[in-house]
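Beneath this line is the structure, given in structure tokens, with notes to follow.
The values are calculated or read from the model by the stated rules, or taken from the named source; none is laboratory data. Note that the structure is predicted; figures quoted are calculated from it, not measured. Heads up, the Cβs are rebuilt from the backbone with ideal geometry, glycines too, and the neighbour counts pull from every protein chain shown. Ligands, DNA and RNA are stripped out before the accessible areas are found, and what is left, the full protein with its side chains, is counted by its heavy atoms. Shrake-Rupley method; radii C 1.70, N 1.55, O 1.52, S 1.80 Å.
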Amino acid sequence: MRTQVVIIGGGPSGLLLGQLLHRIGVEAVVLERQTRDYVLSRIRAGVLERGMVELMATAGVDARLKEEGLPHDGTLISYREEIFRIDFAKHTGTPVMVYGQTEVTRDLYEARENIGAETYFEVEDVEIEGANTDRPSVHFTKDGTRHQIACDFIAGCDGFHGISRRTIPEEVRTEYEKVYPFGWLGIISETPPVNHELIYANSDRGFALCSMRSMTRSRYYIQCSMADSVDNWSDDQFWTELKRRLPQSLSNDMVTGPSVEKSIAPLRSFVTEPMRWGRLFLCGDAAHIVPPTGAKGLNTAASDVHYLFEGLKSWYGDGDAAGLDGYSEKALARVWKAERFSWWFSTLMHRFPDQSEFDLRMQWAELDFLRSNEAAQKAMAENYVGLPY
Ligand code: APR
Ligand code: PHB
């Protein structure tokens, strides 16, 4: 077999890249370790930056997003008994779009099926050969048979646990990591959201977040210990704890109901450098992870896809390699800014196990400053709606 680009990983990064390449007539094969249903059962964040919304439009997959996405012009932040709003529209002129990542992935799979592009599911033992030569290839097993695809380029879109990053020799790679000493216990319920915008809460009992998937489907999170288990949390216990972390004026109005999903996620910051090795390019979670506070995961994957797509477009269109040569540097410059924002927002909003009274006063002082200072709000808004590509 031969194709132009092999995309390892059929998550949002790989699928979006595949769809963009299709629009400019470049052929790509997607290799995915799981089944389509499994990929679509994963629940992730649900806030899209403008750049991601524009990429979905460029890829021609934004019909449902335009119909069902909820534009949000701001977000609420609460701490102690205070609540204030960061006004995205006023400070940046741009809203964010609330639309679940699962729906993004579903739209991309449907578009891929419609164009009849090649996707291999349930592939095993994927191996990259000759990434640092002019003749790379990817090998994999499907239904017990070993296959080989020769290609021009390989996009490593296979997430944090994938093989692409580990194909880059250790002496070439530098990894940076911070693991946070807590997790997020999240639920989805078929109830109207407590507020029409998201609420990020810093409380004495730990962080809480009120988000949504639609006006009838809510997504709520509370900070928990990583040693905790979902079995320790009945729905009633979850709702009681969530309400205790919100100002009463908000929790009084909360509509509760049975959860349809409940899980605990860890929080981690991670970056690997460089994001390119020869003809292998890392995109998305394969190269970096952010803690979910601020919903930068998918959006940062999207900016990688944008830079790689532009590089491939120039290469296939004009034989110009400059975009590909500059990929790692450009992508990383933006990645680190998203890492900084996610780290800052996580540090500001959570209770840390070893937090001193002084540390707590620093959080309150910073929240007071953010509440009362327009310049600080503008900086927060610019980061939240997404820095330019
Ligand atoms: N071979 C083929 N596919 C693989 C392999 C492998 N060896 N290893 C992993 N995969 C697949 C996974 O099953 C998954 O479907 O790669 C895909 C990677 O998808 P994601 O983990 O969703 O990563 P990405 O597409 O970069 O999306 C980034 O999604 O994970 C969230 O928080 C993340 O929001 C961010 C966004
Ligand atoms: C979500 O809706 O799942 C979500 C929203 C905002 C975040 C994180 C997660 O910061």
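What the table shows:
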{"quantity": "Cut-off under 5 Å, modelled amide H: who pairs with L48 long-range", "calculated": "M97, V98, Y99"}
{"quantity": "Degrees between helix 327-349 axis and first principal axis of the chain (Cα, 0 to 90, nearest 10)", "calculated": "20 degrees"}
{"quantity": "GluC sites (Glu not before Pro) restricted to DSSP loop in segment 1-104 with at most 16 other C-beta within 10 Å", "calculated": "E27, E81"}
{"quantity": "Extension gain, H196 back to H147 (0.36 nm per residue minus Cα-Cα distance, nm)", "calculated": "12.6 nm"}
{"quantity": "Cβ-based net charge around R245, under 9 Å, with every Lys or Arg adding one and every Asp or Glu removing one", "calculated": "+1"}
{"quantity": "Mean Cα-pair separation over length for segment 203-243, i.e. relative contact order, pairs under 8 Å, 6 or more apart, %", "calculated": "32 percent"}
{"quantity": "Two-decimal log10 I(q)/I(0) for the chain, as the Debye equation yields it once each C-alpha is a single scatterer, q = 0.06, 0.11, 0.14 Å⁻¹", "calculated": "-0.24, -0.79, -1.22"}
{"quantity": "Surface accessible to a 1.4 Å probe, per residue, for the residues of segment 280-342, Å²", "calculated": "31 Å²"}
{"quantity": "Cα long-axis angle, helix 297-318 against the chain (0 to 90 degrees, to the nearest 10)", "calculated": "30 degrees"}
{"quantity": "Per-residue HN-Hα couplings for segment 138-153 [Karplus 6.51, -1.76, 1.60; θ = phi - 60°; Hz; x = Gly/Pro]", "calculated": "10, 10, 7, 10, 9, 6, x, 9, 7, 10, 9, 10, 7, 7, 8, 9"}
{"quantity": "Between helix 357-372 and the chain: long-axis angle, C-alpha atoms, 0 to 90°, nearest 10", "calculated": "80 degrees"}
{"quantity": "Solvent-accessible heavy-atom area per residue, rounded to whole Å², over segment 58-191 at 1.4 Å", "calculated": "47 Å²"}
{"quantity": "Surface share of carbon and sulfur [accessible, 1.4 angstrom probe, percent] for the chain", "calculated": "48 percent"}
{"quantity": "Residue-span extension gain [R217 to F358] - 0.36 nm each, minus C-alpha spacing", "calculated": "46.9 nm"}
{"quantity": "Sequence-distant residues sharing a close amide H with S203 (under 5 Å, placed H)", "calculated": "A208"}
{"quantity": "Residues whose placed amide H lies under 5 Å from that of R279, excluding near-sequence neighbours", "calculated": "N132, T133"}
{"quantity": "Mean separation of Cα contacts under 8 Å, 6 or more apart, over the residue count of the chain: relative contact order %", "calculated": "20 percent"}
{"quantity": "Estimated vicinal HN-Hα couplings, Hz - segment 36-45 in sequence order (Karplus 6.51, -1.76, 1.60; Gly, Pro = x)", "calculated": "4, 4, 5, 4, 7, 8, 6, 9, 10, 5"}
{"quantity": "Area accessible to solvent at I86, 1.4 Å probe radius, in Å²", "calculated": "0 Å²"}
{"quantity": "Within the chain, helix-based [θ] at 222 nm, where runs of 4 or more DSSP H residues each add -39,500 (n - 2.57), nearest 500", "calculated": "-11500 deg cm²/dmol"}
{"quantity": "Karplus-derived HN-Hα couplings along segment 81-95 (A = 6.51, B = -1.76, C = 1.60, θ = phi - 60°), whole Hz, x at Gly and Pro", "calculated": "9, 9, 9, 9, 10, 9, 9, 5, 4, 5, 7, 10, x, 10, x"}
